[in-house]
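K.L.:
One structure, pasted below without further comment.
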Amino acid sequence: MKKGWSVLAARFAVVTLVLSFASSPAFARAPRIAAPKAFKADFSYQAGSNPPEQGVMYFSHGRIREEITPAGGGPKAVTIIDQVTKTIYVLDTEKKTFKVLPWDARSALISEALRRFEKRELVGSKTIDGQECDDFEIHPKNKSIAPFHFFVNQTTRSPVQLVTEDADPAKQIQIKWTNVKAGYQAAIMFAPPLGYQETK
C-alpha cells in the first residue's frame, strides 16, 4: 500500500479540510462550507497517470474508514485513520488481523496546516459531473505543501473533488466523491473488530 501524502495523508487532509471549513470562525468573511460531520460516500483516488482506485469512505467527526476494492479482484483493503489518537490501522479481513502503522509526520503536518489556513479563496465555479461547484484554492500555512483546489457542490455543500498542484505530474493527486450521504456512522467501524489479532 502506498504511504505518505500520496494516499493516507491526502485523503485524511481532505476530510479534515471539510470539517475545518465547517467550524472555523477565523474565516467568517470567506464563503462558508457547511459540510456534514459524518457521512458515507463512494470515492476514487488517482495519483498521476496511475489507474484510479475505487472505494467507499466512511467519515465521522475526524475518523476515516476506507474500503478499497482492488482493480484485479480480491479482498478489500481496509484502512482506518484516527486523527484524534494519531493512529492508522490496516485490516486484513481474510486473516482477521490488523497492523498499526507509524503515524506519518507528513499526515500530522498536513492536518495542522489544514486546521489553520493561511489563505483560502473562492476563485470561481466549475461543473463537475453535472454538479455546479464552488472552486476553492487552498494555501496551507506549511509552505512545503503546495496549494490545491477543493470543489464543493453549491447546493448540498458536499465535497466533490480535490486536485493537488505539483510540478511533477506523477505526484498530482485527484480525489472525487460521489453518492455522498450525510448521517450517523457507527463508532464500531473506526476501530479493529473484536477478535482481530494485532500483527507486527
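K.L.:
Fewest Cβ neighbours within 10 Å first, please rank Lys95, Lys171 accordingly.
P.N.:
Working: Lys95 11, Lys171 14.
So the residues, fewest neighbours to most, are Lys95, Lys171.
K.L.:
Longer than 26 Å from Cα to Cα, which of Lys126/Lys171; Lys99/Lys119; Lys95/Lys171 are they? Say none if no pair is. Can you show the working numbers first?
P.N.:
Working: Lys126/Lys171 23 Å; Lys99/Lys119 37 Å; Lys95/Lys171 33 Å.
Long pairs (Cα-Cα over 26 Å): Lys99/Lys119; Lys95/Lys171.
K.L.:
Can you tell me the FRET efficiency between His139 and Asp42 if r is taken as the Cβ-Cβ distance and R0 is 22 Å, rounded to the nearest 0.05? Provide the component values of the computation, followed by the final result.
P.N.:
Details: r = 29 Å, r/R0 = 1.31.
My answer for the efficiency is 0.15.
K.L.:
Sticking with this structure for a sec: Starting from the Cα-Cα distance between Lys96 and Ala146, subtract it from 0.36 nm times their residue separation and give me the gain in nm to one decimal. Mind dumping the intermediate values first?
P.N.:
Numbers: separation 50, 0.36 × 50 = 18.00 nm, distance 3.84 nm.
Separation in residues times 0.36 nm, less the Cα-Cα distance, equals 14.2 nm.
K.L.:
So for the pair Glu132, Thr69, with labels modelled 7 Å out along Cα→Cβ, what separation do we get in nm?
P.N.:
Once both label points are built, they end up 3.3 nm from each other.
K.L.:
Which of the aspartates and glutamates could be linked to Lys40 by a straight reach, that is with a Cα gap under 18 Å, when you skip same-chain ones fewer than 8 residues away?
P.N.:
Of all the aspartates and glutamates, those that pass the test against Lys40 - Cα under 18 Å, at least 8 places apart if same chain - are Glu53, Glu66, Glu67, Asp82.
K.L.:
Follow-up question, since we're still on this one. Exposure proxy check: Asp129, Asp134 ranked by fewest other beta carbons within 10 Å?
P.N.:
Values: Asp129 9, Asp134 18.
Listed from fewest to most nearby Cβ atoms, that is Asp129, Asp134.
K.L.:
Mind ranking 150-157, 191-198, 73-80 by how tightly packed they are, going by the mean number of other C-beta atoms within 10 angstrom, highest first?
P.N.:
For the peptides 150-157, 191-198, 73-80, the packing ranking is 150-157, 73-80, 191-198.
A short reminder: the numbers here are calculations on the coordinates, not readings from a lab. What you see is a predicted model, and the numbers here were worked out from it, not measured in a lab. Positions of Cβ are generated from backbone atoms using ideal geometry, with glycine treated the same way; all protein chains shown enter the neighbour counts.
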